[in-house]
Ligand code: LMR
């Protein structure tokens with residue numbers, strides 16, 4: 001039996017976690033033979049609800065669930081963590097944009113970055129889900145001077161999954177036969193869901209869909225899907241977000257499927273001309289617990305405009321949180337040659 005790994009999770013009594021925790025405990029996130037220790041973190045007012053969830057987890061008698069601890073202090077909950085999932089944040093309501101949450105949410109992520117730097121395992125992998133996820137991840141990473149920026153990511157797998165699911169529904173294909181979809185940029189309504197390199201049953205997706213449908217309907221549908229779910233449900237996505245967290249972490253840990261790539265928001269190393277140092281979603285392949293940006297994709301003028309628009313939004317968001325970004329970590333975020341590019345030596349940079 002493997003030694004258990006520690007997973008620290010904020011917002012643990014929230015609705016995303018209500019789906020997520022049970023998936024983690026059955027081995028969906030890491031592996032079917034990997035025991036886990038859940039270090040569940042909540043604000044003091046939610047500790048009662050969290051105790052109820054812990055009882056339910058216990059009542060499932062999951063063989064892989066080694067133990068559970070409950071925390072109302074982040075610094076205690078993150079001790080020794082190999083994986084940190086930052087879900088806890090004020091959610092947006094109907095009619096709001098995620099960027100409106102920066103002032104209220106970003107400072108907590110800067111604090112959490114400092115605590116992760118101090119108390120988590122040195123090889124920790126961090127996923128930020130709380131919105132605005134990209135800029136919150138930047139705040140966390142910039143406040144963790146002893147860790148690599150490549151240890152911090154934000155979730156755009158939800159958008160990536162949405163793009164595959166909606167394209168599958170439109171074309172009648174099975175989502176598993178849709179590959180090489182890319183989400184570029186921010187997890188916001190400026191993101192660019194790019195089908196320019198996508199395939200359906202191995203053939204170019206763009207030869208199987210109408211260009212006008214793609215440009216006038218599909219792109220906006222993905223960009224605004226989170227808001228549409230809020231409008232319909234009265235609250236933000238929960239089960240689909242949990243599934244995306246599972247997919248993101250599973251692939252980061254275990255590797256990307258052959259012939260495919262995934263979208264992850266990571267600190268930009270300047271690839272595709274995107275400003276260095278912002279957290280931007282790229283097409284990546286994962287292997288050996290690392291990720292590597294897929295290189296050499298041809299970028300059309302149409303795509304370039306969309307990629308630049310979402311980059312500009314992230315640069316504006318970065319200015320808004322300038323006070324939370326210590327000078328001492330600026331250089332490490334501008335030069336990622338060790339953190340991001342090292343994967344090149346483990347795997348040849350080709351699409352099979
Ligand atoms: C989503 O995309 O569903 C989440 O980011 C929640 C939101 O505010 O839309």
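The values are calculated or read from the model by the stated rules, or taken from the named source; none is laboratory data. A quick note: this is a predicted structure, and the numbers were derived from the prediction, not measured. Here the Cβ positions follow ideal geometry from the backbone for every residue, glycine too, while neighbour counts run over all protein chains shown.
Of note:
- Output for the range 61-74, where each listed residue is touching a helix residue (DSSP H, G or I) at 6+ places or on another chain (Cβ under 7 Å) and not in a strand (DSSP E or B): 62, 64, 72, 74
- Exactly one residue among 16, 84 is assigned to a strand (DSSP E or B) and under 18 Å from residue 244 (Cβ atoms), and that residue is 84.
- Residue identified as without any contact (Cβ under 8 Å) to a residue 60 or more places away in the chain and touching a strand residue (DSSP E or B) at 6+ places or on another chain (Cβ under 8 Å) among 136, 121: 136
- Screening 11, 80 for residues that are touching a residue at least 12 places away in the same chain (Cβ under 8 Å) and under 30 Å from residue 311 (Cβ atoms) leaves exactly one candidate, 11.
- Selection from the range 67-97 of residues that are closer than 20 Å to residue 317 by Cα and more than 16 Å from the ligand (Cβ to nearest atom): none
- Single residue of 104, 84 found to be under 22 Å from the mean Cα position of the chain (by Cα), modelled with pLDDT of 95 or more and exposed (fewer than 15 other Cβ atoms within 10 Å of the Cβ): 104
- When the range 137-157 is filtered for residues that are more than 26 Å from residue 203 (Cβ to Cβ) and in a helix (DSSP H, G or I), the ones remaining, listed by number, are 137, 138, 139, 140, 141, 142, 149, 150, 151.
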